[in-house]
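J.: I'd like to ask you about the structure that follows.
The values are calculated or read from the model by the stated rules, or taken from the named source; none is laboratory data. Just so it is clear, the model here is predicted, and its values are computed rather than measured. Because the Cβ atoms are built from the backbone with ideal geometry, glycine has one as well, and the counts that use them run over all protein chains shown. The protein model used for the area step is the full one, side chains on, heavy atoms only, and it has no ligands, DNA or RNA in it. Shrake-Rupley method; radii C 1.70, N 1.55, O 1.52, S 1.80 Å.
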Amino acid sequence: MASNAVSRYSAQPDKHLIYWLWSLNSIPGWLAPTSAFVSSALAQYQAREGLRGNIAEIGVYHGKYLTGLATTLLDGETAIAIDVFDDQTKNADVRGYDDVGSTGIHTLTERALHENATRFCPRAQLSVIKSSSLDVTPADILNRGDKIRFFSIDGGHTRDVLLNDLKLAEETLAPHGIISIDDIMNLEWPGVVTGAVRFLDRSKNLRPVAFIPNKLLCAFEPYVNLYREAIEAILPHGLKRKNVEFSSYNADLYVDSDDVSVFLDPTTK
C-alpha cells in the first residue's frame, strides 16, 4: 500500500481513542482489540473526510464498542444506543446466553453505559433507545438527526432478529455508511451467519467488505472498494486472504495482527 494511502486512512492518535484502546480489557464485554482498532480507525477516517452521520449500535451491553466509535463523533453528531438493558424479558436470546455462560447479561444496566461514555467519550452526545430492536422503527433513529455512518449490530442472534436489525440498519444508513455484524462466524450463534447470507442475497446495494475478528463489515456498493483499501492500509499485517467467497459476493479476510500494538507504541511515532 502506498505511503500516501496509509497517511490518508491510518488512525490518528486522538487521546480519547488511545485511552479507550488501552482500556479495552477493563470494560465488560467481548471485543477483539484488532476489530476495535480497525472499526475506530474507519470511523475516524469518515470524520476526517467529512463523511458525516450518527453512530448507532443495537445490543450495547456496557458500551465497549460504542464508546470507542463515539470518540470520533463530530459536533452535531450523536451516538445512538439501542438496548433493552435491565428489561431482559424482551431479549429473545436470554436462554441462549445462559446456555453459553454469558451470565453478565442479567446484571446489565443503562447506568454502566453512561459511566463508560463519561470515561471514554466525554465529548460525545449520547441518545438511548431503551427498547427491543424489534420495536424500533427507522423514524425512531432518524429523528435523532443525521443518517448513520457506522451501525453496529450485536443484538439478537437469531436469523429473524438479525434480518430485522439489518433491515433497520440499511434503511437508516448514510450512503457512505458502514454496518458491522458481530458474531458472524461464532459457532454458538449460527443464526447470525444464516441471517446475514439471506439478507445480502436479496439486498440491492449492501455488500460485504471485510471479515475482521468476529465481525463482518458491510457497505453500499459505491464505497466497498474505498473501505477495502482503507482497511488494508489500517491493518496491513492482518490481511489473510483477499476476495473470499461469502453469500453471492466476496470479502477480504483479516486476522489478529500487531498493527494495533504498533499504533499504541509511542516509540513508533
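J.: To the nearest 10 square angstrom, how much accessible area does Asp140 have with a 1.4 angstrom probe?
T.: Per-residue accessible area (Asp140): approximately 50 Å².
J.: For segment 178-269, what does the convex hull of the Cα positions come to per residue, in cubic angstrom?
T.: 97
J.: From the cross-link list Lys15/Lys240; Lys130/Lys167; Lys130/Lys204, which pairs have alpha carbons spaced over 27 Å apart?
T.: Table pairs above 27 Å Cα-Cα are Lys15/Lys240; Lys130/Lys204.
J.: Something else about it: Extension gain Tyr19-Asp201, at 0.36 nm per residue separation less the Cα-Cα distance, in nm?
T.: Details: separation 182, 0.36 × 182 = 65.52 nm, distance 3.91 nm.
Working it through step by step, the gained length comes to 61.6 nm.
J.: How far is it, in nm, from the label point at Ser26 to the one at Asn243 when both lie 7 Å from their Cα along the line to the Cβ?
T.: 4.5
J.: Under a Cβ-Cβ cut-off of 14 Å, what is the net charge of the residues other than His16 that fall near it, where Lys and Arg count +1 and Asp and Glu count -1?
T.: On the way: positive: Lys15, Arg119, Arg123; negative: Asp14.
Around His16, the surrounding residues sum to +2.
J.: Same structure, new question: I'd like the accessible area for His114, computed on protein heavy atoms only with a 1.4 Å probe and all protein chains in place. Round to 10 Å², please.
T.: 80
J.: Please give me the summed charge of the neighbours of Thr67: other residues whose Cβ is under 11 Å from its Cβ, Lys and Arg +1, Asp and Glu -1. Mind dumping the intermediate values first?
T.: Values: positive: Lys64, Arg119; negative: Glu57, Glu115.
Within the 11 Å Cβ shell, the charges total 0.
J.: May I pose another question? I'd like to know how the chain sits against the 2.2 N^0.38 Å rule of thumb: what's its Cα Rg over that expected value?
T.: 0.93
J.: Read phi for every residue in segment 248-265 and hand back ³J(HN,Hα) as whole Hz from Karplus 6.51 cos²θ - 1.76 cosθ + 1.60, θ = phi - 60°, with x for Gly and Pro.
T.: 8, 10, 9, 8, 7, 10, 10, 10, 4, 8, 8, 4, 5, 5, 4, 4, 7, 7
J.: Sort Phe120, Phe263 by heavy-atom solvent-accessible area, probe 1.4 angstrom, most to least.
T.: Details: Phe120 0, Phe263 20 Å².
Descending accessible area places them as Phe263, Phe120.
J.: What FRET efficiency, computed as 1/(1 + (r/R0)^6) with R0 = 30 Å and r the Cβ-Cβ distance, is obtained for Asp86 and Val255, rounded to the nearest 0.05? Each step should come with its number before you reach the end.
T.: On the way: r = 36 Å, r/R0 = 1.20.
It comes out at approximately 0.25.
J.: Helix check for the chain. Which DSSP H runs span at least 18 Å along their own axis by Cα, with a mean Kyte-Doolittle hydropathy no less than -1.0?
T.: Numbers: long enough: 33-48 (22 Å, 0.03); 159-172 (20 Å, -0.39); 190-202 (19 Å, 0.42).
Qualifying helices, which must be both long enough and hydrophobic enough, are 33-48, 159-172, 190-202.
J.: Which net charge results for the neighbourhood of Val128, defined as the other residues with beta-carbon distances under 10 angstrom from its beta-carbon, given Lys and Arg at +1 and Asp and Glu at -1? Before the final figure, lay out each step's value.
T.: Values: positive: Lys130; negative: Asp83, Glu110.
Local charge sum for Val128: -1.
J.: Then there is this: Taking only C-alpha pairs under 8 Å that are 6+ residues apart, what is the relative contact order of the chain in percent?
T.: Working: 494 pairs, mean separation 51.5, N = 269.
Result for the chain is 19 percent.
J.: Probe radius 1.4 Å, ligands and nucleic acids left out: which of Ser261, Ser247 has the largest accessible area, and how do the rest follow?
T.: Working: Ser261 70, Ser247 30 Å².
Result, largest first: Ser261, Ser247.
J.: Quick one: how many Å² of Asp146 are accessible to a 1.4 Å probe, rounded to 10?
T.: 60
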